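Have a look at this one.
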Amino acid sequence: MAFITRLVANSGKSFASRLLIRCDKSGTNSWAICRSLSGLPRDQLSDRPNERQLIDNMSIEDIGDALNGVTEEQMDLRSTVRKFVEKELPEDTVQVMDRESNWSQFRKFWTKLGSMGLLGVTAESRFGGLELGYFEHSLVMEEISRCCAAIGLSYGAHSNLCVNQLTLNASEDQKQKYLPKLIDGSHVGALAMSEVSSGSDVVSMRTVAQRHKDYYVLNGSKFWITNALEADVLFVYAKTSDRGITPFIIEKGMEGFSIGQSIDKLGMRGSPTGELVFDNCKVPVANLVGQVDKGVYVLMSGLDYERLVLSAGPLGIMQSACEVAFSYAHQRSQFGQPIGHFQILQAKMADMYTRLSSSRAYLYNTARAVDEYKRRNGRIPLGSASPFTKECAGVILSLSETATQLALDAIQIMGGNGYSNEYSAGRLLRDAKLYEIGAGTQEIRRWLIGRQLNKLYQ
Ligand SMILES: Cc1cc2nc3c(=O)[nH]c(=O)nc-3n(C[C@H](O)[C@H](O)[C@H](O)COP(=O)(O)OP(=O)(O)OC[C@H]3O[C@@H](n4cnc5c(N)ncnc54)[C@H](O)[C@@H]3O)c2cc1C
């Protein structure tokens, strides 16, 4: 395919970045690479994967990328994001964030992500997005989560749950109004469906929106909302009749909208989770997304992409668990030799490595298939059955349990140190567990997959 090359420069910002974007003849961005980031000296940018930190002779991702047919451009994207997050989110910063359940640099980091285009990986370039696929989005999510799963979760909530849902479902006016600031990082985004009494049975939500002339009035509350405390723009579902729910775009500062309690959590402690309160909140009709009462289709189709991209969170955690445990196993000696040389620990490392590799293959192949389907067929019409629901639920079902197991294995390999908060393994376990609950629980995923399998035999 013939490509023309376009250089997009975000100058005049404190964190200037330049994106080299190749466009095919139709003008569609087929890939983009963050080439240089101010704040990172050129010699710290690794252009080839073999310049990256190596475990043995080849890093685990190098092998995984080769096995999974990751292209050079995608490796470059991974490598650039990795360099960036390793600099911005070093282990001591992540430890403090975990201890304090807060990160004072959250907004600053967001604008840096924004100037690299990473907040709009799947969004159209005319709004500042990279116009790439779910595959690339998953790579970015994986790399952020490898350094800090909590910030990875917030990133997923912003870039996928909010930005991608607006990209897929908002009107042209809504996109023009909200996407540029969400993508350049000056605004933080969130998505709210869950409530105290409506979790797995999310459609039973009680937040209501009643029409009054040219506005709706929302009443009720949302719970467990990632980024709630920081969010400027929120994609919020409310009941509009007995028959249906409808999504609305809510802005921070709207009359009758406030943030309730902040939720203290077991893990993901750098990701701000909270409650939203709607007390006669006036929302213009212009902020209604899609068709009245048809929000369940928006919600369900969004869950497929949410499960797919969020699966890269547990994958990043697994990568981190392997790195920390394998390197420990070669530094720590007992009985006169590195503990990694004992066969029983070799077996554990072998199991961790093969689980990581099969998880990576499952996610990458599914993401690639979803992108390829979209490229060939365009968007799946709302209300039509998605060919990917089972697979997207399957990927997160499998990867989230495996991440929890690998974090437990890392703790075991590290002995007492694995159980100490001085090391990251315990945090990895606490963070990994979230992915068995958020974006639909394991039980609901199994139920969904089982139901779809049964349909094949009807
Ligand atoms: C850190 C965090 C971040 C989150 N972020 C967001 C967000 O940004 N936006 C948002 O809208 N929501 C968010 N959530 C909410 C999340 O999606 C819900 O917690 C999840 O859907 C489960 O709902 P619940 O907690 O009410 O559990 P419940 O639905 O009460 O489930 C409790 C248990 O019952 C089981 N169960 C329920 N129904 C069935 C069934 N039919 N068959 C078998 N077992 C069943 C569940 O699997 C689970 O084990 C977040 C949650 C957490 C913890």
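What follows is calculated from the coordinates using simple rules that are stated; it is not laboratory data. Please read all numbers here as calculations on a predicted model, not as lab measurements. Glycine also receives a Cβ, built like all others from the backbone with ideal geometry; neighbour counts cover every protein chain displayed.
With runs of 4+ DSSP H residues as the only contributors, calculate the mean residue ellipticity of the chain at 222 nm using -39,500 (n - 2.57) per run, divided by the residue total and rounded to the nearest 500.
-14500 deg cm²/dmol
Let me ask you something else. Tell me, what HN-Hα J-couplings in whole Hz come from the Karplus equation 6.51 cos²θ - 1.76 cosθ + 1.60 at θ = phi - 60° for each residue of the range 158-173, using x for Gly and Pro?
For the range 158-173, the Karplus-derived couplings read 6, 7, 9, 4, 8, 4, 5, 5, 5, 4, 7, 10, 7, 6, 4, 4 Hz, x marking Gly and Pro.
Using the Karplus equation 6.51 cos²θ - 1.76 cosθ + 1.60 (θ = phi - 60°), what ³J(HN,Hα) coupling, rounded to whole Hz, does each residue of the range 423-433 give in order, writing x for Gly and Pro?
Going residue by residue, I get 10, 7, 4, x, 5, 4, 5, 5, 5, 4, 4 Hz, with x marking Gly and Pro.
Please give me the summed charge of the neighbours of ALA190: other residues whose Cβ is under 13 Å from its Cβ, Lys and Arg +1, Asp and Glu -1.
Its environment carries a net charge of -3.
What is the dipole size for the chain, taken about its Cα centre, with +1 at each Lys and Arg Cβ and -1 at each Asp and Glu Cβ, in debye to the nearest 20?
800 debye
If you don't mind, there's one more thing I want to ask. Report, by chain and number, residues whose modeled amide H sits under 5 Å from the one on ALA228, excluding near sequence neighbours (fewer than 5 apart, same chain).
GLY274
Also, quick follow-up: Restricting to bridges with both residues inside the range 189-293, how much of the DSSP beta-bridge set is antiparallel, in percent to the nearest 5?
In the range 189-293, DSSP labels about 85 percent of beta bridges as antiparallel.
Please tell me the relative contact order of the chain in percent, rounded to the nearest whole number, where contacts are Cα pairs under 8 Å and at least six residues apart.
Relative contact order for the chain comes out at 13 percent.
Please give me the summed charge of the neighbours of LYS239: other residues whose Cβ is under 15 Å from its Cβ, Lys and Arg +1, Asp and Glu -1.
+1
In terms of modelled amide H atoms, which long-range or inter-chain residues lie less than 5 Å from the amide H of VAL121?
For VAL121, the qualifying residues are LEU130.
Count charges around GLU391 for me, please; just the other residues with Cβ under 12 Å from its Cβ, Lys/Arg as +1, Asp/Glu as -1. Spell out each step's value before the answer.
On the way: positive: ARG307, ARG368, LYS390, ARG445; negative: ASP304.
Net charge in that neighbourhood comes out at +3.
Given a cut-off of under 8 Å on Cα pairs at least six residues apart, what relative contact order in percent is computed for the range 86-186?
The normalised contact order for the range 86-186 reaches 35 percent.
Cross-link partners among lysines for LYS374, C-alpha distance below 18 Å, same-chain residues fewer than 8 apart left out?
LYS390
So for the range 323-405, averaging the separation of alpha carbon pairs under 8 Å that are six or more residues apart and normalising by length, what relative contact order in percent results?
Working: 29 pairs, mean separation 19.6, N = 83.
Answer for the range 323-405 is 24 percent.
Straight-line reach only, C-alpha to C-alpha below 14 angstrom: list the aspartates and glutamates that LYS87 could link to, leaving out same-chain residues fewer than 8 apart.
List returned: ASP43, GLU143.
Right, another one. Amide H to amide H, which residues 5 or more places from VAL289 or on other chains are under 5 Å from it, using H placed in the peptide plane?
Residues meeting the criterion, in which the H sits 1.01 Å from N, are PHE248, ILE249.
Considering the dipole of the chain built from charges on the beta carbon (Lys and Arg +1, Asp and Glu -1) around the Cα centre, which of THR273, ILE250, VAL188 is farthest to its positive end?
So the residue we want is ILE250.
Which whole-Hz couplings ³J(HN,Hα) result when phi for each residue of the range 177-187 is put into the Karplus expression 6.51 cos²θ - 1.76 cosθ + 1.60, θ = phi - 60°, listed in order with x for Gly and Pro?
Those phi angles translate into 6, 9, 5, x, 6, 5, 7, 7, x, 6, 10 Hz.
State which stretch of the chain is the longest one without any exposed GluC sites (Glu not before Pro), exposure meaning a DSSP loop state and at most 13 other Cβ atoms within 10 Å.
1-254
Please figure out what share of the DSSP beta bridges in the chain is antiparallel and state it in percent, rounded to the nearest 5.
Just about 90 percent of them are antiparallel.
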